[in-house]
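Let me begin by presenting the structure, written as structure tokens, before commenting on it.
The values are calculated or read from the model by the stated rules, or taken from the named source; none is laboratory data. Model, not experiment: these values are computed from the prediction. Here the Cβ is made from the backbone with ideal geometry for all residues, glycine too, and neighbour counts use every protein chain on show.
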Amino acid sequence: MLPLAGFANSTEEKEATPTASKDVKSEIKEFINHHLLDSHSFYFNADKETGEHNGFSLPIILWDNGLQVFSSGEFHHGPVADVAEHNGNFYKLHHEKIYKTDASGKLTEEHGHPTNVKPLDLSITKSVVGILFVSILMFVLFRGLAKSYAKNGGIASGAGRFFEPLVLYVRDEIAIPNIGEKAYKKYMSYLLTIFFFVFFLNILGLTPLGFNVTGNIAITASLALMTYLITTFSANKNYWGHIFWMPGVPTPMKFILAPIELLGTVIKPFSLMIRLYANILAGHVVLMSIIGLMFIFKSWIGSTLSFGLAFALSILEILVAFLQAYIFTMLSALYFGAGNEEHHHEEAHH
């Protein structure tokens with residue numbers, strides 16, 4: 001039931017029209033779109049009447065003729081809405097993107113898109129906070145699990161008793177069957193990390209804190225890139241031999257199939273990226289849309305049905321959180337296994 005009390009960042013701006021004059025459907029759509037974006041601040045809720053926010057600002061780190069560091073709170077407390085001044089430079093926050101402007105904060109637009117200079121943004125955003133939180137949580141949990149093994153003679157204790165079966169599941173049901181007993185150990189650290197990292201981030205996205213980390217294509221692209229790089233640089237010669245010079249295939253066909261096989265090595269991690277991103281993003285959109293129906297119906301029948309459907313979907317999203325972590329880990333292990341497959345002598349006789 002936690003997603004029903006969403007604490008995503010407020011969409012209200014200083015220049016916005018009163019809420020009463022806005023269409024409810026437009027407000028819901030605006031709120032959903034804002035939730036899907038990353039944020040340079042971390043606000044739990046907002047009072048629409050007074051405009052006060054409860055939360056905290058995050059550091060803005062820009063590279064613009066040198067390092068520029070200041071608080072994101074300056075965007076909201078300056079004389080001009082969403083414009084911050086630092087070292088004589090003026091920056092405007094527009095749809096969570098930072099542009100360089102003058103003191104008035106005016107943006108020059110072309111075809112509906114700002115053409116102002118965008119400094120290199122290295123800020124600590126809300127997604128980065130979620131990633132750091134999950135990373136620290138994983139370090140504490142699994143460091144404790146490792147220590148409990150040492151203290152109790154190989155028996156897990158505390159929270160480790162819950163995570164130990166998952167660790168064994170990744171090893172026995174994902175790593176060994178797809179990679180093989182000879183080579184699976186060198187990939188276990190990555191597979192365990194990626195499984196729990198994606199799983200915890202997916203669960204974090206179902207909390208009232210308004211995180212949407214794995215629903216950000218930049219994050220899923222980075223994870224898929226890691227799988228691609230590990231597969232590419234750890235693959236043996238048989239893997240590359242089957243790509244560039246397939247055994248048992250007529251020579252003219254090898255020149256046709258080689259580019260296709262090489263393209264396939266890129267398509268595989270691309271599918272990893274899209275699958276995780278699309279499933280998590282769709283889950284957030286559908287869940288928040290159903291919750292928004294309560295404010296559209298404004299009746300005990302419609303709101304009750306929406307609540308029940310949102311509750312059932314929240315339970316399903318927990319399953320999806322685990323399933324997507326499993327699929328990402330399983331496919332990564334499958335690609336690692338293909339890269340370490342040994343040459344079969346019988347293939348040379350066909």
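Within the range 211-229, which residues are among the small types (G, A, S) and crowded, with 22+ Cβ neighbours inside 10 Å? Full working, then the answer.
Taking the range 211-229 first, the residues among the small types (G, A, S) are 215, 218, 221-222, 224.
Passing the criteria: G215, A224.
Take the residues in the range 77-101 that are more than 28 Å from the chain's Cα centre (by Cα) and in a loop (DSSP other than H, G, I, E, B); name whichever of them is surrounded by the fewest Cβ atoms within 10 Å (Cβ to Cβ).
By that ranking, first place goes to G88.
Looking at (1) of a type in the set (D, E); (2) within 28 Å of the chain's Cα centre (by Cα); (3) within 30 Å of L67 (Cβ to Cβ), find the lone condition where E173 falls short.
With (1) of a type in the set (D, E); (2) within 28 Å of the chain's Cα centre (by Cα); (3) within 30 Å of L67 (Cβ to Cβ) applied to E173, the lone miss is (3).
Kindly provide the set of residues from the range 148-179 that are among the polar types (S, T, N, Q) and more than 27 Å from L331 (Cβ to Cβ), ordered by number. Write out each step before concluding.
Residues of the range 148-179 that are among the polar types (S, T, N, Q), as a first pass: 148, 152, 157, 178.
Result: S148, N152, S157.
Cβ-Cβ below 6 Å, separation at least six or inter-chain, first residue in the range 59-78 and more than 14 Å from H94 (Cα to Cα), second of a type in the set (A, V, I, L, M, F, W, C) and exposed (fewer than 14 other Cβ atoms within 10 Å of the Cβ): which pairs?
I61/V69; W63/L120
Under the condition of being exposed (fewer than 14 other Cβ atoms within 10 Å of the Cβ) and assigned by TED's automatic domain parsing to the domain that holds N89, which residue from the range 110-162 is nearest to V198 (Cα to Cα)?
L120
Could you tell me which residue of the range 102-146 is nearest to H34 (Cα to Cα), considering only residues that are touching a residue at least 60 places away in the same chain (Cβ under 8 Å) and not in a helix (DSSP H, G or I)?
Among those residues, the one meeting the criterion is T125.
Given the structure, is V266 surrounded by fewer than 15 Cβ atoms within 10 Å (Cβ to Cβ), of a type in the set (V, I, T) and within 30 Å of I131 (Cβ to Cβ)?
Details: surrounded by fewer than 15 Cβ atoms within 10 Å (Cβ to Cβ): yes; of a type in the set (V, I, T): yes; within 30 Å of I131 (Cβ to Cβ): yes.
Spelling it out, V266 is indeed surrounded by fewer than 15 Cβ atoms within 10 Å (Cβ to Cβ), of a type in the set (V, I, T) and within 30 Å of I131 (Cβ to Cβ).
Pick out the one residue from I290, I296, I318, I301 that is in the same structural domain as S222 (by TED's automatic domain parsing) and either within 19 Å of the chain's Cα centre (by Cα) or at pLDDT 90 or above (or both). I'd like the intermediate steps shown before the answer.
Values: I290 fails: either within 19 Å of the chain's Cα centre (by Cα) or at pLDDT 90 or above (or both); I296 fails: either within 19 Å of the chain's Cα centre (by Cα) or at pLDDT 90 or above (or both); I301 fails: either within 19 Å of the chain's Cα centre (by Cα) or at pLDDT 90 or above (or both).
From the options I290, I296, I318, I301, the qualifying one is I318.
Give the residues of the range 290-302 that are in a helix (DSSP H, G or I) and surrounded by fewer than 16 Cβ atoms within 10 Å (Cβ to Cβ), sorted by residue number. Write out each step before concluding.
Filtering the range 290-302 for residues in a helix (DSSP H, G or I) gives 290-297, 300-302.
Result: F295, I296, F297, W300, I301, G302.
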